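The numbers here are math on the coordinates, done by the rules we state, and not lab data. Note that this is a predicted model, so its numbers are computed, not measured. When we count neighbours, we look across all protein chains shown, and the Cβ atoms used for this are built from the backbone with ideal geometry, even at glycine.
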Ligand code: 5GP
């Protein structure tokens, strides 16, 4: 996706050889035109997969997941990181370790929003070690639903996430693949 790569080049900030900050268009301020293109592109890549729902994790996955759900004409559901009093009833949960924040947290979705047999597309902003996507996949499978695929906006291909998810048999589609952040520069894989 050329617009996404251009935004990363022009507005991304390399915080270290491991971490890219994209607060200008994805993780804090959000570019709606870019998000719309992201949604249309995921919908194109997963067309014909019979997707019933798009699942993400709050907060930064919500914008790309919502636009993907809109393009596919299905609902979007986001897992919560904080236990909310309003999230009553039976919960589906998974433990997720964040390497960027160095904390483990429990993510949760109300069981009433995921039905057995549904085909679920997982969408997230970044793929690093694959922890968030694996946690979401665990939740889908607890519901007896199926993971139809995983759509990632920015994949850091030098970290092990894609390999892990592929080894588990998931189809991963990433819109920008970063080969390296060494020396403060973003180098794309393709
Ligand atoms: P993973 O679970 O694959 O290890 O990491 C993915 C999650 O961590 C994403 O949901 C994202 O919020 C966060 N993350 C991982 N790497 C980066 C990064 O380089 N920049 C930002 N902004 N977030 C990241």
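Could you list, in sequence order, the residues of region 94-104 that are surrounded by fewer than 17 Cβ atoms within 10 Å (Cβ to Cβ) and over 23 Å from residue 15 (Cα atoms)? 95 - this is the single residue of region 94-104 that is surrounded by fewer than 17 Cβ atoms within 10 Å (Cβ to Cβ) and over 23 Å from residue 15 (Cα atoms). Please work out if residue 33 is in contact with a strand residue (DSSP E or B) (Cβ under 7 Å, 6 or more places away or on another chain) and farther than 27 Å from residue 117 by Cβ. So residue 33 fails the test. Restricting region 62-76 to residues that are outside any helix (DSSP H, G or I) and buried (at least 18 other Cβ atoms within 10 Å of the Cβ), the residue that is farthest from the ligand (Cβ to nearest atom) is 74. Filtered by the rule that a residue be buried (at least 17 other Cβ atoms within 10 Å of the Cβ) and within 16 Å of the ligand (Cβ to nearest atom), region 106-121 gives 107, 108, 109, 121. With the condition kept exactly as written, say whether any residue in region 32-43 is surrounded by 13 or more Cβ atoms within 10 Å (Cβ to Cβ), assigned to a loop (DSSP other than H, G, I, E, B) and under 18 Å from the mean Cα position of the chain (by Cα). The answer is no; no qualifying residue exists. Only one entry in 88, 169, 163 is outside any strand (DSSP E or B) and more than 18 Å from the chain's Cα centre (by Cα), namely 88. Considered as a group, the residues in region 130-160 that are in contact (Cβ under 8 Å) with a residue 60 or more places away in the chain and assigned to a helix (DSSP H, G or I) include one that is nearest to residue 182 (Cα to Cα), and that residue is 132.
Scanning region 1-20 for residues that are loosely packed, with under 14 Cβ neighbours inside 10 Å, within 13 Å of the ligand (Cβ to nearest atom) and not in a loop (DSSP other than H, G, I, E, B) gives a single hit, 13.
Against the test of being within 16 Å of the ligand (Cβ to nearest atom) and in a loop (DSSP other than H, G, I, E, B), the options 49, 82 yield a single qualifying residue, 82. If the condition is being in contact with a helix residue (DSSP H, G or I) (Cβ under 9 Å, 6 or more places away or on another chain), under 18 Å from residue 65 (Cα atoms) and more than 9 Å from the ligand (Cβ to nearest atom), then region 122-144 contributes 122, 123, 137.
Within region 21-31, the set of residues being closer than 20 Å to residue 122 by Cα and away from the ligand (no atom under 11 Å from the Cβ) comprises 30 only. Comparison of 72, 15, 66 shows that the only residue that is free of Cβ contacts under 8 Å to residues at least 24 places away in the same chain and touching a strand residue (DSSP E or B) at 6+ places or on another chain (Cβ under 9 Å) is 15.
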